[in-house]
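Note sheet for the following structure.
What follows draws every value from the coordinates through simple rules; no lab data is involved. Quantities reported herein were computed from a predicted structural model and do not represent experimental measurements. A quick note on method: Cβ atoms are made from the backbone with ideal geometry, for glycine too, and the neighbour counts reach across all protein chains shown.
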């Protein structure tokens, strides 16, 4: 009688908790609607902060609705500042996508890695990308990766490294007379080579893969082009005959606002790069680009004045000081047009844009074949619009403010760094790099689900993402990035070795079951003789003389068709304890048994929820995602994986049933003429999940799970579902469980979960 009384008390306590849970959720919903002028209230986080933290995690009464992985570190307000986390899965997905782009373009397996400690300049062997990536930055990041990858494919890095030995001595002699040092000369020619080489690389990509142009445009918009550069090209900035001016004008030759009359010889430089000998398309190698760069340098040296000669009175050594007093140190030229004339008005950005709109882009009288130039005051004898009407802009001389000049210097410096491959990229820490490696090796990715589910708070159909882990391995265990996986569990920390016990018990029971099921992988041949057709039976040939035509034999093969079994295990927090032990024993047993059968494949997956920042990071419930872990696939994994890694698995999180099913729906093997397919589910409760995207509870979750199960059946897959729970849990869940999985769903008492193996024995041996 005492046992019955205790069960009644437990049942009563559970109902009270159910009512409390419902009250908390509904109250939160009501608060959301009413608290319009306050911070957005998050009832789930409130429950995390004040309920869970004060409860003993071993409390069995709350374990079925409070999850083991919840903590008291969340904020009770959605907009409270929380330190942002690195979304390793998203970064991994971006990296894989970018790597695919690079490999398709180059037709080479060029490594694409995140920037780590050290310089970000490519080493000619691999492409490095920034760890700051999202949908907005993706296009420019792809463009930059394609740019670097194309250089790796086409550029001669050894030549660049040994540039000095390839430069004719005459260029050193001529440049020294202009006041340039040896290091400055090397820098000049290297910068010019970088520019010409970039044009060659870009032409290659645009010609061979025009579909990638958009990514390139996005890259240049982010890393190279700027409004201040556009504006400065129409001013007297950088118009003195010195190195900075020529470099500024040369690297912006393709800008729509370039003015080929801004410097002496600039038009000739343009012709040398883009017109002579067929232009860029006929620059076939880095060596060709180098020869063009020398031509450009020759023009520049011809137009920069000689330096001031200085003679050392003691040694007689001759040196030269730059005639204009500049140092060619890439500091820019803040007032290269001389002193500003107060009578001229500086134009703001809007005035400048309006002025450019009044001029036909790229078709002024002085642009010639130079392409996209716009002639501005003092640089052309004629300024005409499309209709031929004279545009008088002399009174609207464009000048930059002091602040704009400072911006220009920075923008110019950014351009030079871009050409040199020196682009600032956010680096990943050693810890995140190790986690990223684990995510990559595990094949973790997001898959979008729930497109037709309505968010309770917004009323919109907002999909969410499910994390799919395609390869469970030891690296994933060591990284501690997945909540249901912990290396402490495998070390039997505080567990008295029970995890090793259920592995051993499962192997032992599976061996027994496997012996019974081995007949499924065998075939039996039965031979029938004295048939009218088939193969001639040599023993009956003599009977042909007696007018007997039944001298043929036929052999019939009796065998079972191939089979595929997918076991999906609920790994939510309520499955912990004895439920988990018994379930895992059964799962290991079936894995061992099927390992002994030749014509049955097995996949084992575990489903739960996961914070996208990892198990040990500070988190908010809004960051949670459903997760499904493909822990074992007999088509590629050995059974050793089960014996060595399954002990690291544990129960945590909530129950996003149908969301996980939808995520792997297309991975399931349908039944066919030559293959039987089964889907076996272990679960102990109703589906429930919620994040910033969806509210997955009650009828919404039940109906969606039902829909997914129906879709599985529509693919010819036989669904077997087992409820793992005690008798009082069974009474409350029967109706909803049958709604989801059908009338053939079975309820297995936690103490007799091994009966599943007997069921599978009957199922597999049934013809």
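Starting from the Cα coordinates of segment 437-480, work out the convex hull volume and express it per residue in Å³. Don't jump to the answer; show the numbers that get you there.
Working: hull volume 3.7 nm³, N = 44.
Here the figure is 83 Å³ per residue.
Fully extended, how many nm does the chain gain between residue 429 and residue 532 (0.36 nm per residue separation, minus their Cα-Cα distance)?
On the way: separation 103, 0.36 × 103 = 37.08 nm, distance 7.81 nm.
Residue separation times 0.36 nm, minus the Cα-Cα distance, leaves 29.3 nm.
Calculate the FRET efficiency for residue 227 and residue 667 from the Cβ-Cβ distance with a Förster distance of 60 Å, rounded to the nearest 0.05. Intermediate results must be reported in sequence, preceding the final value.
Details: r = 49 Å, r/R0 = 0.81.
So the FRET efficiency works out to roughly 0.80.
Neighbouring Cβ atoms within 10 Å as the yardstick, rank 212, 246 fewest first. Each step should come with its number before you reach the end.
Values: 212 19, 246 27.
Exposure proxy ranking, most exposed first: 212, 246.
For segment 618-717, just the Cα set please: Rg and Dmax, both in angstrom.
Cα radius of gyration and Dmax of segment 618-717 are 15.8, 51 Å respectively.
Using a/c under 1.5 as the rounded threshold, could you call segment 200-278 rounded, prolate or oblate? The axes a ≥ b ≥ c are square roots of the C-alpha gyration tensor eigenvalues, and prolate needs a/b larger than b/c, oblate otherwise.
It comes out oblate by the Cα gyration axes.
Quick one: length gained pulling residue 478 to residue 406 fully straight, 0.36 nm per residue minus the C-alpha distance? Working shown, then result.
On the way: separation 72, 0.36 × 72 = 25.92 nm, distance 4.98 nm.
Separation in residues times 0.36 nm, less the Cα-Cα distance, equals 20.9 nm.
For a quick protection proxy, order the peptides 409-417, 461-469 by their average other-Cβ count within 10 Å, most packed first.
On the way: 409-417: 17.4, 461-469: 20.3.
Ranked from most to least packed, the peptides come out as 461-469, 409-417.
Can you compute the FRET efficiency between residue 288 and residue 707 using 1/(1 + (r/R0)^6), with r the Cβ-Cβ distance and R0 = 60 Å? Round to the nearest 0.05. Can you show the working numbers first?
Values: r = 62 Å, r/R0 = 1.04.
My answer for the efficiency is 0.45.
Evaluate the distance, in nm, between pseudo-label points positioned 7 Å from the Cα of residue 109 and of residue 206 along their respective Cα→Cβ axes.
For the pair residue 109/residue 206, the computed spacing is 3.3 nm.
Is segment 136-293 best put as rounded, prolate or oblate by its Cα gyration tensor, with a ≥ b ≥ c the root eigenvalues, rounded for a/c under 1.5, and otherwise prolate when a/b is larger than b/c, oblate when not?
Details: a/c = 1.78, a/b = 1.22, b/c = 1.47.
In terms of gyration-tensor shape, oblate.
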